[in-house]
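One structure below.
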Amino acid sequence: MEKQESTDLKVESIEQIGIVVRDVDKVIESWSKLLGIDRWNSTEMETVDRAGNKSKTKLAFTSIGPLQIELIQSVEGKTFYADFLEEHGEGIHHLGVRVADVDAATANLGKKGVKVLFGRRGRFAYMDTGNPGGVMYELIQSPREQA
């Protein structure tokens with residue numbers, strides 16, 4: 001096995017499992033009936049890329065113990081969620097891992113050739129790590145300590 005270069009990145013915890021689905025509402029209804037998972041918070045996110053292309057994504061979140069489940073439905077436009085669905089079908093899209101400083105972590109990984117696919121400075125970043133294990137990773141910013 002090839003030895004991997006060490007990193008200064010320290011994952012604090014796995015916080016989230018992101019699952020791309022065709023229909024968020026149908027999955028919520030099914031999981032509520034079958035598994036009793038019925039406390040969901042839903043929202044829609046509209047984005048515009050650098051070229052001015054608009055997209056809309058529907059998201060639903062629930063927590064099971066300390067783990068957050070995120071259901072992701074690409075509603076309109078070209079998104080990397082839609083690309084995932086087209087290529088792989090429904091399924092686990094990413095693991096969200098908590099880090100102390102998402103900006104420092106992305107800079108550190110950038111020096112190793114890892115690219116940011118999508119993110120918001122100081123909050124989160126989806127990383128193109130080559131998908132080891134078939135999973136994408138989302139770095140999630142730890143809450144800042146209050147002074």
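Nothing in this text is a laboratory measurement; each read-out follows from the coordinates by a stated rule. Please read these numbers as outputs of a predicted model, since none were measured by experiment. A quick note on method: Cβ atoms are made from the backbone with ideal geometry, for glycine too, and the neighbour counts reach across all protein chains shown.
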task = Provide the percentage of antiparallel DSSP beta bridges, counting only those with both residues in the stretch 13-141; round to the nearest 5.
result = 75 percent
ask   = Restricting attention to the stretch 53-139, which trypsin sites (Lys or Arg not before Pro) occupy a DSSP loop and are surrounded by at most 14 other Cβ atoms within 10 Å?
value = K78, K111, K112, R121, R123
request  = Pop out the Kirkwood hydrodynamic radius of the chain from its pairwise C-alpha distances, inverse of mean 1/r, in Å to one decimal.
outcome  = 16.5 Å
Positive-end residue, the stretch 13-141 charge dipole about Cα centroid, Cβ charges, pick of A107, V24, L95 = A107
ask   = Where nothing but the Cβ of Lys and Arg (+1) and of Asp and Glu (-1) is charged, how large is the charge dipole of the chain around its Cα centre, in debye to the nearest 20?
value = 300 debye
ask   = Any idea how far the Cα center of the stretch 110-132 sits from the one of the stretch 15-87, in Å?
value = 20 Å
task = Quick one: compute the contact order of the stretch 36-104, relative version, from alpha carbon pairs under 8 angstrom and 6+ residues apart, as a percent.
result = 21 percent
inquiry  = Between V11 and S63, how high is the FRET efficiency from 1/(1 + (r/R0)^6) when r is the Cβ-Cβ distance and R₀ = 22 Å? Nearest 0.05.
reply    = 0.70
task = Could you tell me what % of all Cα pairs in the stretch 44-120 have separations over 21 Å?
result = 43 percent
task = Determine, from the Cβ-Cβ distance of K115 and D25 and an R0 of 35 Å, the FRET efficiency 1/(1 + (r/R0)^6), rounded to the nearest 0.05.
result = 0.60
note = Quick calc, A107 & E76: beta-carbon distance into FRET formula, R0 30 Å, rounding 0.05, result 0.35
request  = Note down the magnitude of the dipole of the stretch 55-134 about its Cα centre, charges +1 on Lys and Arg C-beta and -1 on Asp and Glu C-beta and zero elsewhere, to the nearest 20 debye.
outcome  = 380 debye
